[in-house]
Amino acid sequence: MNGICEVFRLNNGYSIPCIGYGTWQTPAGETAKNAVINAIEAGYRHIDTATVYGNESSVGEGIRESGVCREHLFITSKVWNTERGYERTRKAFEKTLSDLQTDYVDLYLIHWPASPRQFADWEEINLDTWRALIHIYQSGQAKAIGVSNFLPHHMRALMESEIRPMADQIEFHPGYMQRETVQFCREHGIQVEAWSPLGTGKMLHHPLLMEMGEKYGKSAAQICIRWCLQNGVIPLPKSVDRSRMAENMQVFDFAIADDDMERISAIEDFGGSGKHPDQINF
Ligand code: A2P
């Protein structure tokens, strides 16, 4: 891997830049707009947002004001849980396009699966939503489609569809590897993306990651990001700070040795955000 422009290839052949810029918890308005302008200026070409982040319009403004051609950017958004189902999802997608001021997204995801705990007909709901994404994909308004926070049992029914998910964006960082889901994705050619690759910041004080940082002359954040990449997972680090944005991209001038990769992967379950797809109540 040579740099931020390096791409992974989705199972439909579409290229996805190997590091994305996350915008979760970035407040709408000037903060999100400037964060996106700064991120693009720093070199990010892959921007990850979602309707529920409430910042799609500001992200759209940032993209437009960045001056970088649309076709040189990779934009992901996600349909929110209240908009599941065929018709609602299609409507929600139209609003996303209009808020982002674009006529296509590169990747459109179902943000969370409908779960058995919430709905008796959870599988049908997920399939209905997925049918909307297939329609959007076939219309050319999304270059790729996928899911987020789906575990293998949520994906199984979708695997029987004419178009299979191309990506699954899950919480993934040292101490929270979701091995079973990652394995399922690998077996089925589904690209894994990592939300909160730094454990929303809490992994940055972990003694082993700090030790690794010292060993490689890097920060713990850079170790987390590089570790994702070497696992074949696309990290989506979030920062509103210009120097940290730049720091999070500077992970191409070193490689973590195999035995150190193993040590990092062996970090005891550090706990994730606590948002389990089958237990959420939103
Ligand atoms: P900030 O936006 O002020 O930089 P994650 O991507 O895992 O959700 O983590 C995001 C959190 O980690 C944010 O609080 C962000 O704060 C912080 N963060 C992002 N990059 C770095 C970094 N390189 N060093 C320290 N903290 C960082």
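What follows draws every value from the coordinates through simple rules; no lab data is involved. This one's a predicted model, so the numbers in the text were calculated from it and none came from an experiment. Glycine also receives a Cβ, built like all others from the backbone with ideal geometry; neighbour counts cover every protein chain displayed.
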Worksheet item: How high is the relative contact order of the chain, in percent, with contacts defined as C-alpha pairs under 8 Å that are six or more residues apart?
Response: 18 percent
Item to complete: Before anything else, pin down the relative contact order of the stretch 1-137: Cα pairs under 8 Å, at least 6 apart, normalised by residue count, whole percent.
Response: 20 percent
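Treating only the Cβ atoms of Lys and Arg (+1) and Asp and Glu (-1) as charged, compute the dipole magnitude of the stretch 105-240 about its Cα centre; round to the nearest 20 debye.
Working: 12 positive and 14 negative charges, 107 e Å.
Computed charge dipole of the stretch 105-240: roughly 520 debye.
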Fill in: Antiparallel bridges, percent of DSSP beta bridges restricted to the chain (to nearest 5)
15 percent
Practice prompt. Taking H placed 1.01 Å from N in the peptide plane, check which residues at least 5 places from Trp195 or on another chain put their amide H under 5 Å from its amide H.
Written response: Ile170, Glu171, Phe172
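Place the peptides 272-281, 91-100 in order of packing, highest mean first, counting for every residue the other Cβ atoms within 10 Å and averaging per peptide. Before the final figure, lay out the partial values.
On the way: 272-281: 13.0, 91-100: 17.9.
Result, highest mean first: 91-100, 272-281.
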Worksheet item: Of Ser273, Val240, Ile190, which is farthest on the positive side of the dipole of the stretch 170-282, counting Cα position, with +1 on Lys and Arg Cβ, -1 on Asp and Glu Cβ, and the Cα centre as origin?
Response: Val240
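Assigning unit charges at the beta carbon (Lys, Arg +1; Asp, Glu -1) and nothing else, what dipole magnitude in debye, to the nearest 20, does the chain show about its Cα centre?
340 debye
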Fill in: the chain: calculated mean residue ellipticity at 222 nm from DSSP helix runs of at least 4, using -39500 (n - 2.57)
-11000 deg cm²/dmol
Worksheet item: Considering amide H positions built from the backbone, and no H for Pro or chain starts, which residues 5 or more places from Tyr21, or on another chain, come under 5 Å of its amide H?
Response: His46, Ile47, Asp48
Response to the item:
Hydrodynamic calc, the stretch 7-265: Kirkwood Rh from Cα pairs, then Stokes-Einstein at 4 °C with viscosity 1.567 mPa s, so D in µm² s⁻¹ is 70 µm²/s
